[in-house]
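Q: Pasting a structure here, questions to come.
The values are calculated or read from the model by the stated rules, or taken from the named source; none is laboratory data. What you see is a predicted model, and the numbers here were worked out from it, not measured in a lab. Virtual Cβ from ideal backbone geometry, glycine too; neighbours counted across all protein chains shown.
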Amino acid sequence: MSATAQQNFSGTRPVAPQHAFDEARLSAYLCTHLEGFVGPLTVQQFKGGQSNPTFLLTAGGRRFVLRRKPPGTLLASAHAVDREFRVIRALAGSEVPVAPAYLLCEDAQVIGTAFYVMDYVEGRVFWDPALPQMDRAQRAAIYDEMNRVIAALHRIDPVSVGLADFGKPGNYIERQVARWTKQYRAAQTERIEAADRLIEWLPEHIPQSGQTRIVHGDYRLDNVIFHPSEPRILAVLDWELSTLGDPMVDFAYHCMAWHMPFDVLRGLQGVDLDALGIPSEDAYLQRYLSRVGGRPVASADWKYYLVFNMFRLVGILQGIVARALQGNASSPLALDTGKRTRPLAEQAWKLAQTIAPQH
């Protein structure tokens, strides 16, 4: 499974026909707008990623990364490359490592959609959370580094980095439930009873909101670049879903790996964590809380955060299926990815039913 995941998602491939654009026009634009850019330009597409198509640009002995909105009909507020660019620029120089971001182009006439360009960061991206190529000590160090970086993000005061208006204040979970219900309905390709039940259940069981911080929205192992030889993160990627919100909900999304099947969703469920040197979910949570100075989390609240995040992922997977059926998905494996939608919805509903009512 691991070798296949690395092969399927790592590296680049020729630009997919549905994502092709006028490379000469892009080169001309960058020559006048990006300092130090010198042609000729060659373009390849990264294999990984299901949402915003991402490209490797090579020109004048330098490498850059271009992220663009996919072409075609898109869900409202999705694929917000302008927000990605803004948060990456805001976090430059903070404890959260990000790639230097150079320019944002919102003129669709250049390549057909909005895009931004950032530096290419040389390093390692791991696609299998069991890290089969590592020993116990290396795995422990990699997981601790992931924990350190998300805790660093959640300690940042949004006002201090100019992101006070990066999201609406208050009622974060309520708004997220409404948003992902809308996204799910907009992308729905078949009726999934468990998803319908979650849509009814989630608004009725919302826990009290916590503090407001910058949340990544999709923080996981394959969205960070590690140093080529050290257990140190050089850049956190894919900020498309970032906003202001409850950091515990963001951290619970990150912890979904412990609840996802090893053989289907590249998760840790069914893996002998102790033998591998990977912390248990509870140990990982406690380490995070000690880093952010947080209070213990009630079991019912933690389960709710997990159920919500599973439903949110159901909405994301449904969108991937919808784009695949339209023919504008970023990954050729999109339809296979979409097959996970129903089992995940059913798993979320099963977990929801274990939450004891609060009195």
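Q: I want to confirm something. Restricting to the range 46-67 and keeping residues that are in a loop (DSSP other than H, G, I, E, B) and either over 23 Å from the mean Cα position of the chain (by Cα) or of a type outside the set (D, E, K, R) (or both), which single residue is modelled with the lowest pLDDT?
A: Of all residues in the range 46-67, those in a loop (DSSP other than H, G, I, E, B) come to 47-53, 60-61.
From the residues that got through so far, the ones that are either over 23 Å from the mean Cα position of the chain (by Cα) or of a type outside the set (D, E, K, R) (or both) too are 48-53, 60-61.
Numbers: Gly48: 65, Gly49: 56, Gln50: 50, Ser51: 65, Asn52: 79, Pro53: 88, Gly60: 91, Gly61: 91.
Residue satisfying both the conditions and the ranking: Gln50.
Q: Here are the criteria: (1) modelled with pLDDT under 95; (2) of a type in the set (Asp, Glu); (3) in contact with a Cys (Cβ under 9 Å, 6 or more places away or on another chain). Tell me which single one Asp336 does not satisfy.
A: Answer for Asp336: the failing condition is (3).
Q: Another question, if that's okay. Looking at the structure I just gave you, is Asp238 among the acidic types (Asp, Glu), in contact (Cβ under 8 Å) with a residue 40 or more places away in the chain and out of contact with any strand residue (DSSP E or B) (no Cβ under 8 Å at 6 or more places or on another chain)?
A: Numbers: among the acidic types (Asp, Glu): yes; in contact (Cβ under 8 Å) with a residue 40 or more places away in the chain: yes; out of contact with any strand residue (DSSP E or B) (no Cβ under 8 Å at 6 or more places or on another chain): yes.
Spelling it out, Asp238 is indeed among the acidic types (Asp, Glu), in contact (Cβ under 8 Å) with a residue 40 or more places away in the chain and out of contact with any strand residue (DSSP E or B) (no Cβ under 8 Å at 6 or more places or on another chain).
Q: Let me ask something else about it. From Val38, Val15, Val43, grab the single residue that is at negative phi, assigned to a strand (DSSP E or B) and β-branched (Val, Ile, Thr).
A: Working: Val38 fails: assigned to a strand (DSSP E or B); Val15 fails: assigned to a strand (DSSP E or B).
When all the criteria are applied, what remains is Val43.
Q: I'm trying to understand the selection: among the residues of the range 112-124, which are more than 16 Å from Ala80 (Cα to Cα) and not acidic (Asp, Glu)?
A: If the condition is that a residue be more than 16 Å from Ala80 (Cα to Cα) and not acidic (Asp, Glu), then Tyr120, Val121, Gly123, Arg124 are the ones that fit.
Q: Looking at the structure I just gave you, is Pro70 part of a loop (DSSP other than H, G, I, E, B), on the phi < 0 side of the Ramachandran plot and at pLDDT below 95?
A: yes
Q: Which of the residues that make up the range 308-324 are farther than 17 Å from Gly217 by Cβ and modelled with pLDDT of 75 or more? Before the answer, list the steps.
A: Restricting attention to the range 308-324, the residues satisfying the condition of being farther than 17 Å from Gly217 by Cβ are 321-324.
Val321, Ala322, Ala324, listed by residue number.
Q: Residues in the range 105-116 that are more than 18 Å from the chain's Cα centre (by Cα) and touching a residue at least 12 places away in the same chain (Cβ under 8 Å): how many?
A: Here the count works out to 7.
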